[in-house]
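The values are calculated or read from the model by the stated rules, or taken from the named source; none is laboratory data. Because the structure is predicted, anything quoted here is derived from the model rather than measured. Here the Cβ is made from the backbone with ideal geometry for all residues, glycine too, and neighbour counts use every protein chain on show. Heavy atoms of the whole protein, side chains included, go into the accessibility calculation; ligands, DNA and RNA do not. Shrake-Rupley method; radii C 1.70, N 1.55, O 1.52, S 1.80 Å.
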Amino acid sequence: MTPGTPDSTRGLPPEQLPNVSGPLTGNTAEVEPPPRQNMFIKELLRSNWVTTVLAIVAAMIVGGILMALTNEDVRAASAYFFARPGDTFIAIWNSVYGGYEALFRGAVYNPRAADFLTQIRPLTNTLGFAAPLIAAGLGVALAFRVGLFNIGGRGQMLIACAVAALVTFNLDLPMFIHLPLTLAAGIAGGAIWGGIVGVLKARTGAHEVILTIMLNYVAFYLVTWMVRTPGLLQRAAEDQPISDPTPASAQFPELFGPRFPLLDWGFIIVIAATVFVWWLVERSSLGFRLRAVGENPHAARAAGISVQRMYIYAMLFAGGLAGLAAMNQIQGSVTSGFDGYIDAGIGFDAITVALLGRSRAWGVFAAGILFGALKAGSFTMQASQGIPVDIVLVVQSLIVLFIAAPPLVRTIFFLPKTDAEKAAKARAKAARKAVSA
């Protein structure tokens, strides 16, 4: 109704007035439902994938702030900010853009290289760094799905290396026998070390976090002693605490030749392991029982599932996958010999990868590639821009922080709350009213 137009309904009795509906009238029977596309967008914004991507974006933003704060040019320009503020903003842009450009150039594609093969070498480096992270992350994620917190990846990797070296390094076999035998020995060693945790958890009820932490120390000092002891793992005719190099017949062949030394057939085996873990957890009957125990062990026991047996199976698989990560180290990237630090922090980084991947096989695969890219690109960032590698570690930590707090990410980016968050907020509001009353 336009201003000045007489209202034809004025003075009419209520029964002759037109029906009015809406949330303010209390009559919502005729309110049309929201369009389907609106509901789709709302559910999409609530999804875990959007939250994960935005968590990475938030971590990158904070990482950029840290790059600017630690940049010498930014600090120098900020000294006369009020006289020439443009210089400070230009220095901030150059530091952040230069840092992430160097990260991209060292992890994905280097347009400054002379030929195409050299330009794509950073991508192969990323995949090479990602392979052990994916394998170990799959082990942690599988344990997560069964309700177990496996932080024993380091110990499982160390024992896997020791078993593989003791069993196969002194053998003289053709490659088609020696390579898979070494791989199988390493996987078995990791599975046995993880299985110890599963058995103790199942038989005694001991907490797996305490068990895995203690077994990490046991494995570290055991392997350190073995590489210092002649006749066990110490390199022959030397006093250095290091093992013999991996025999050439037990090393993974390079996937695309010597121009891409960090990418070998171990990455293909990791892809196969990802497919296997996906099928095991999501499609097999054993995976159904494992997931049932992870969701509710009491209900699973009532349904006739042996919870103790599932714990043992889960830790056997988790340890075997950590053993696969160890074999990617000694059969691929570190073939000159190993000591007690061969895990290179992968056992603990795997926890981050599993969290970022939401404990799903292909999510872990993508998260491993992301962290491999951060690792590969960090060297270029430090070499070309003078940015400390620690900045990348801060970004990784922030990703985990934001992943662990989805409501924080939704608040930062103004995303719609989930039904569970709305219900929790309503319960808290009702509790406050009850207390005040």
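If we keep just the residues of the stretch 163-211 that are in a loop (DSSP other than H, G, I, E, B) and more than 24 Å from the chain's Cα centre (by Cα), which is nearest to residue 321 (Cα to Cα)?
Among residues in the stretch 163-211 that are in a loop (DSSP other than H, G, I, E, B) and more than 24 Å from the chain's Cα centre (by Cα), the one nearest to residue 321 (Cα to Cα) is 169.
What pairs come up if the first residue lies in the stretch 414-436 and is charged (D, E, K, R), the second is modelled with pLDDT of 80 or more and open to solvent by less than 60 Å² (accessible area, probe 1.4 Å), and their beta carbons are under 7 Å apart, counting only those six or more places apart or on different chains?
417/410
Can you name the number of the only condition in (1) surrounded by 24 or more Cβ atoms within 10 Å (Cβ to Cβ); (2) closer than 28 Å to residue 178 by Cβ that residue 342 fails?
Condition not satisfied by residue 342: (1).
When the residues of the stretch 201-217 are narrowed to those that are open to solvent by less than 70 Å² (accessible area, probe 1.4 Å) and in contact (Cβ under 8 Å) with a residue 60 or more places away in the chain, which ends up nearest to residue 306 (Cα to Cα)?
Restricting to residues being open to solvent by less than 70 Å² (accessible area, probe 1.4 Å) and in contact (Cβ under 8 Å) with a residue 60 or more places away in the chain, the top hit is 202.
Take the conditions at pLDDT below 80, surrounded by 15 or more Cβ atoms within 10 Å (Cβ to Cβ) and not hydroxyl-bearing (Ser, Thr, Tyr) and apply them to residue 10. Does it pass?
No, not satisfied.
Let's see how each residue does on (1) more than 30 Å from residue 169 (Cβ to Cβ); (2) surrounded by fewer than 24 Cβ atoms within 10 Å (Cβ to Cβ); (3) out of contact with any Leu (no Cβ under 8 Å at 6 or more places or on another chain); (4) among the β-branched types (Val, Ile, Thr):
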site: 268; (1), (2), (3), (4): no, yes, no, yes
site: 274; (1), (2), (3), (4): no, yes, no, yes
site: 321; (1), (2), (3), (4): no, no, no, no
site: 327; (1), (2), (3), (4): no, no, no, no
site: 331; (1), (2), (3), (4): no, no, no, no
site: 336; (1), (2), (3), (4): no, yes, yes, no
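Hey, any hits in the stretch 421-437 for a residue that's part of a loop (DSSP other than H, G, I, E, B) and surrounded by 19 or more Cβ atoms within 10 Å (Cβ to Cβ)?
So far as the stretch 421-437 goes, no, none of its residues is part of a loop (DSSP other than H, G, I, E, B) and surrounded by 19 or more Cβ atoms within 10 Å (Cβ to Cβ).
Within the group 159, 151, 120, which residue is over 16 Å from the mean Cα position of the chain (by Cα) and closer than 28 Å to residue 226 by Cβ?
Every option except 159 fails the conditions.
Could you check the stretch 359-418 and list, in sequence order, the residues that are surrounded by 17 or more Cβ atoms within 10 Å (Cβ to Cβ), modelled with pLDDT under 85, more than 29 Å from residue 278 (Cβ to Cβ) and of a type in the set (A, V, I, L, M)?
Answer for the stretch 359-418, where residues must be surrounded by 17 or more Cβ atoms within 10 Å (Cβ to Cβ), modelled with pLDDT under 85, more than 29 Å from residue 278 (Cβ to Cβ) and of a type in the set (A, V, I, L, M): 387, 391.
Only one of these conditions is not met by residue 279: (1) free of Cβ contacts under 8 Å to residues at least 12 places away in the same chain; (2) open to solvent by 40 Å² or more (accessible area, probe 1.4 Å); (3) closer than 21 Å to residue 175 by Cβ. Which number is it?
Status for residue 279: all satisfied but (3).
Filter the stretch 305-319 down to the residues that are touching a residue at least 24 places away in the same chain (Cβ under 8 Å) and among the small types (Gly, Ala, Ser), then identify the one that is surrounded by the fewest Cβ atoms within 10 Å (Cβ to Cβ).
Out of the qualifying residues, it is 314.
Counting only residues that are out of contact with any helix residue (DSSP H, G or I) (no Cβ under 9 Å at 6 or more places or on another chain), part of a helix (DSSP H, G or I) and open to solvent by 40 Å² or more (accessible area, probe 1.4 Å), which one in the stretch 98-132 is farthest from residue 274 (Cα to Cα)?
Looking at residues that are out of contact with any helix residue (DSSP H, G or I) (no Cβ under 9 Å at 6 or more places or on another chain), part of a helix (DSSP H, G or I) and open to solvent by 40 Å² or more (accessible area, probe 1.4 Å), I get 116.
Open to solvent by 60 Å² or more (accessible area, probe 1.4 Å) and outside any loop (DSSP other than H, G, I, E, B): which single residue out of 288, 256 fits that description?
Result of the check over 288, 256: 288.
What's the number of the condition residue 295 fails, among (1) acidic (Asp, Glu); (2) surrounded by 13 or more Cβ atoms within 10 Å (Cβ to Cβ); (3) farther than 28 Å from residue 162 by Cβ?
Status for residue 295: all satisfied but (2).
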